[in-house]
Protein chains: 2
Amino acid sequence: MEKVLKGKIVADAINQGILNRMPALYERGIVPTLAIVRVGENPSDIAYENGAVKKAKTLGLQPEKFICPADIDQRDLIEVIKAINNDEKIHGILLLQPLPESIDADAVRNTLCPEKDLDCISDASLSRLFLGETTGFAPCTAEACIEILKYNHIEIKGKKIVVIGRSMVIGKPVAMMLLKENATITICHTKTAEADLKDLCRGADIVIAAAGHAGTLTADMVSPGQVIIDVGINFNEEGKMLGDVDFEAVSKIAAAATPVPGGVGSVTTTLLMKHLVEAAERTVK
Amino acid sequence: MEKVLKGKIVADAINQGILNRMPALYERGIVPTLAIVRVGENPSDIAYENGAVKKAKTLGLQPEKFICPADIDQRDLIEVIKAINNDEKIHGILLLQPLPESIDADAVRNTLCPEKDLDCISDASLSRLFLGETTGFAPCTAEACIEILKYNHIEIKGKKIVVIGRSMVIGKPVAMMLLKENATITICHTKTAEADLKDLCRGADIVIAAAGHAGTLTADMVSPGQVIIDVGINFNEEGKMLGDVDFEAVSKIAAAATPVPGGVGSVTTTLLMKHLVEAAERTVK
């Protein structure tokens, strides 16, 4: 393969952009502040939270934790979010998901005000994306795919892009974002015939694998010259992190592909921080 | 061609369904009432309005006209819509578009409450569609495409469907609706390379032509066995109505196609009336 599309170099460039923007905010006495809302003590939530805290501090941003007990009443959790919405010193919210099953996650995520919804998790933010408006923040993972392509000067406009997966978390939003970037978009999913999936992937310029299953994209589905973006985060029986793409086999054929770990995921949190800085900047504009 | 997919037979079946549902509403003293809001005296608006009035009366539904002068102040027009929103005797709204250029059409259409937005023109209704919710009404033209396929027992699930056009009026909504019906969806548009458009169309099971230009789909883009749905309404220099599809040439190759006029357009107003009856039924549920 010509190129492994590593996330770190993209994240570094975005980090530098953030650092350049900070002095103007500090001068106005503004420290971009991120509310991290966690419910319960799930180890993967805590790991993600620690990563976000560290990243924020490295960039001179202020993380503020809101830790709620696992058995918190849904109404109380909604009040926590509302208080954050109304707190002028907080510029953005990271709500760790999934929430415990006892809680109506839709009701909670839809409480986030669009101005602080840094990862586009509320219906109001997602709707703006569908309507082609740019007033809200894009979902960080979907945006990370596009940032990696752009950083590597891979043309999107007029290209045939196949998205595998149609979730509201990644598949549908990334398809809408790529459509806005003037790509020709095909959305495949579990009900797509196997032969069609193979043909469509082989015929694409770019494939975005976002099905949430290891082994979704295999060597027989890939053509020379293609670019493969792997959004999957899966774990095998030994606890090893795997993407949706059979990277080793696919990398022998495709022109470029993102690794997992070290690909899309490395850019996502950085974009969250970029959105936080933008949210803070918007409060003074 | 094996079959011309005429709209009238589909509309007749829907009409019969509406007529069957009316007695239960009449028994409760409810006459489904449609507010038709027209601004100015545009002849094509008046023609459409007359068609809707006639159709409503044939089905025992009550049309109520709200005719506003062409120079109406935007705030006054919004007040008209708000009054209709709040009028319990009115169950649905047909807002004739396009509105005069002096008016912010977005502000007006977004005033429609989702419960009475029979043609899914407000952002709130369109958002529900994107999110896969079924609480709002679908856009009538997009739904007409699907009704014609279903009436003719043409499978949608697992089929490759190409949508040409990405407008919020038809392209994006119909793509989302077909995705929900488990089709594999490709969205093509003005920035799709000509060769890709031809290949993708030829490889599809169903093509929905919704570009808004006569001659968008020509014989060289069609394969035997395909089903073609033509959403276009265009007029040539002699004032003759044309679809987006070169029907005469395409019909020699495809298995089935909708004519223009007499295809999708014949079903659209009927679906508006069906939505009106549903809106009236929901007020008593």
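For A:Lys191, go through the aspartates and glutamates and keep the ones whose alpha-carbon is under 12 Å away, minus same-chain ones fewer than eight residues off.
Within the straight-line limit of under 12 Å, A:Lys191 reaches these aspartates and glutamates: B:Glu181.
Over the alpha-carbon set of region A:135-228, divide Rg by the Kirkwood Rh and report the Rg/Rh ratio to two decimals.
Values: Rg = 12.6 Å, Rh = 13.4 Å.
Here the Rg-to-Rh quotient is 0.94.
Once you average over the residues of B:150-160, how many Cβ atoms of partner chains fall within 10 Å of each Cβ?
On the way: counts 0, 0, 0, 0, 0, 0, 0, 1, 6, 4, 7.
If you average over the peptide's residues, the count of other-chain Cβ atoms is 2.
Please compute the length gained on full extension between B:Glu27 and B:Asn50, using 0.36 nm multiplied by the number of residues separating them and subtracting their Cα-Cα distance. Don't skip to the answer; put the middle values down first.
Numbers: separation 23, 0.36 × 23 = 8.28 nm, distance 2.80 nm.
Gain on stretching B:Glu27 to B:Asn50: 5.5 nm.
Once the Cβ-Cβ distance between A:Arg202 and A:Ala249 is put in as r, and R0 is 22 Å, what FRET efficiency do you end up with, to the nearest 0.05? Each step should come with its number before you reach the end.
Working: r = 14 Å, r/R0 = 0.64.
Computed FRET efficiency for A:Arg202 and A:Ala249 comes out at 0.95.
Rounded to whole Å, give me the distance from the Cα center of region A:183-232 to that of region A:151-180.
12 Å
Straight-line reach from A:Lys240: which lysines have Cα under 27 Å away, leaving out those fewer than 8 places along the same chain?
Candidates past the 8-residue exclusion: A:Lys3, A:Lys6, A:Lys8, A:Lys54, A:Lys55, A:Lys198, A:Lys252.
5 Å is the cut-off here: which amide hydrogens, built 1.01 Å from N in the peptide plane, fall below it relative to A:Leu94, excluding neighbours closer than 5 in sequence?
Long-range HN contacts for A:Leu94: A:Ala35, A:Ile36, A:Val37.
If each of B:Ile67 and A:Thr134 carries a label point 7 Å out from its Cα toward its Cβ, how far apart are those two points in nm?
So the label points at B:Ile67 and A:Thr134 sit 4.3 nm apart.
What are the membrane-span-like helices in chain B by this rule: whole DSSP H runs, Cα extent along the axis at least 27 Å, mean Kyte-Doolittle hydropathy at least 0.0?
Working: long enough: B:7-27 (31 Å, 0.14).
Qualifying helices, which must be both long enough and hydrophobic enough, are B:7-27.
For region B:38-135, what class follows from the C-alpha gyration tensor (a ≥ b ≥ c being the square roots of its eigenvalues): rounded when a/c is under 1.5, otherwise prolate if a/b is larger than b/c, else oblate?
Numbers: a/c = 1.58, a/b = 1.10, b/c = 1.43.
Cα axes put region B:38-135 in the oblate bin.
For label points placed 7 Å from Cα toward Cβ, what is the shortest-first list of nm distances from A:Lys240 to its copies?
Those label-point separations list as 6.6 nm.
Rounded to the nearest 500 deg cm²/dmol, what is the calculated helix-only ellipticity per residue at 222 nm for chain B, with -39500 (n - 2.57) per DSSP H run of length n ≥ 4?
On the way: 10 runs with 117 residues, N = 285.
Only helices count here, giving -12500 deg cm²/dmol.
Relative to a virtual label point 7 Å from the Cα of B:Ala83 in the Cα→beta-carbon direction, which members of region B:30-54 show backbone nitrogen distances below 18 Å?
Counting only backbone N, you get B:33-40.
If you build the convex hull over the alpha carbons only and average its shadow over all orientations, what do you get for the protein assembly as shown? Give it in nm² to one decimal. Please report the intermediate quantities before stating the final value.
On the way: hull surface 114.6 nm².
Mean shadow area of the hull around the Cα atoms is 28.6 nm².
If you rank A:Met22, A:Met241 by fewest surrounding Cβ atoms within 10 Å, what's the result? List each step's numbers first, then the result.
On the way: A:Met22 17, A:Met241 14.
By the 10 Å Cβ count, ascending: A:Met241, A:Met22.
If amide H atoms are built 1.01 Å from N in the plane of the peptide, which residues on other chains or at least 5 residues away come under 5 Å of the amide H of A:Leu242?
So A:Leu242 has HN proximity to A:Asn234, A:Phe235, A:Asn236.
Please compute, for peptide B:124-133, the average count of beta-carbon atoms on other protein chains lying within 10 Å of each residue's beta-carbon.
Across B:124-133, the average partner-chain Cβ count within 10 Å equals 4.
Any number yet on Rg/Rh for region B:190-285, C-alpha, Kirkwood?
Working: Rg = 16.3 Å, Rh = 14.7 Å.
For region B:190-285, the value is 1.11.
Please list, in order along region B:105-112, the HN-Hα scalar couplings obtained from phi with the Karplus expression 6.51 cos²θ - 1.76 cosθ + 1.60 (θ = phi - 60°), rounded to whole Hz, x for Gly and Pro.
After applying 6.51 cos²θ - 1.76 cosθ + 1.60, I find 4, 4, 4, 6, 5, 6, 7, 4 Hz.
In whole Å, largest first, what are the principal axis extents of the Cα atoms in chain A?
That works out to 52, 43, 38 Å along the principal axes.
Enumerate the residues in region A:95-130 having an amide nitrogen under 20 Å from the point lying 7 Å beyond the Cα of A:Lys180 toward its Cβ.
Hits in region A:95-130 for A:Lys180 at 20 Å: A:110, A:112-130.
Could you give the dipole magnitude of region A:140-265 about its Cα centre, charging the beta-carbon of Lys and Arg +1 and that of Asp and Glu -1, in debye to the nearest 20? Don't jump to the answer; show the numbers that get you there.
Details: 12 positive and 15 negative charges, 89 e Å.
Its charge dipole is roughly 420 debye.
Return the subset of A:Lys160/A:Lys180; A:Lys157/B:Lys157; B:Lys57/B:Lys285 for which the Cα-Cα distance in this structure is over 19 Å, preserving the input order.
Details: A:Lys160/A:Lys180 13 Å; A:Lys157/B:Lys157 29 Å; B:Lys57/B:Lys285 24 Å.
Table pairs above 19 Å Cα-Cα are A:Lys157/B:Lys157; B:Lys57/B:Lys285.
Mind listing which GluC sites (Glu not before Pro) in region A:1-80 are in a DSSP loop and have 11 or fewer other Cβ atoms within 10 Å?
Working: sites: A:Glu2, A:Glu27, A:Glu41, A:Glu49, A:Glu64, A:Glu79; in loops: A:Glu2, A:Glu41.
Within region A:1-80, the qualifying GluC sites (Glu not before Pro) (loop, at most 11 other Cβ atoms within 10 Å) are A:Glu2, A:Glu41.
How many partner chain Cβ atoms sit within 10 Å of a residue's Cβ in peptide A:199-210, on average, as a whole number?
Numbers: counts 2, 5, 0, 0, 4, 0, 2, 0, 0, 0, 0, 0.
What the average comes to for A:199-210 is 1.
Please sort by residue number the trypsin sites (Lys or Arg not before Pro) in region B:171-268 whose DSSP state is loop and whose Cβ has at most 11 other Cβ atoms within 10 Å.
Values: sites: B:Lys180, B:Lys191, B:Lys198, B:Arg202, B:Lys240, B:Lys252; in loops: B:Lys191, B:Lys240, B:Lys252.
Here the sparse-neighbourhood loop sites are B:Lys240, B:Lys252.
Determine the percent antiparallel among the DSSP beta bridges restricted to chain A, to the nearest 5. Write down the numbers at each step before the final one.
Details: 2 of 32 bridges.
Restricted to chain A, the bridges split so that about 5 percent are antiparallel.
Provide the percentage of antiparallel DSSP beta bridges, counting only those with both residues in region B:140-265; round to the nearest 5. Mind dumping the intermediate values first?
Numbers: 2 of 18 bridges.
Approximately 10 percent, going by the DSSP bridge assignments.
Hey, if you put +1 on the Cβ of every Lys and Arg and -1 on every Asp and Glu Cβ in the protein assembly as shown, which of A:Gly215, B:Cys145, A:Leu34 ends up farthest toward the positive end of that dipole?
It is A:Gly215, whose Cα lies furthest towards the positive end.
Order of A:Cys201, B:Cys113 from fewest to most other C-beta atoms within 10 Å?
On the way: A:Cys201 23, B:Cys113 15.
Fewest to most other Cβ atoms nearby, the residues stand as B:Cys113, A:Cys201.
Based on the Cβ-Cβ distance from A:Asp220 to B:Ala107, what FRET efficiency comes out when R0 is 45 Å, to the nearest 0.05? Intermediate values should be presented prior to the final figure.
Values: r = 52 Å, r/R0 = 1.16.
Computed FRET efficiency for A:Asp220 and B:Ala107 comes out at 0.30.
Here, each number is a calculation from the coordinates, and none is a lab measurement. What you see is a predicted model, and the numbers here were worked out from it, not measured in a lab. As a convention, Cβ positions derive from the backbone with ideal geometry for all residues, glycine included, and neighbour counts pool all protein chains shown.
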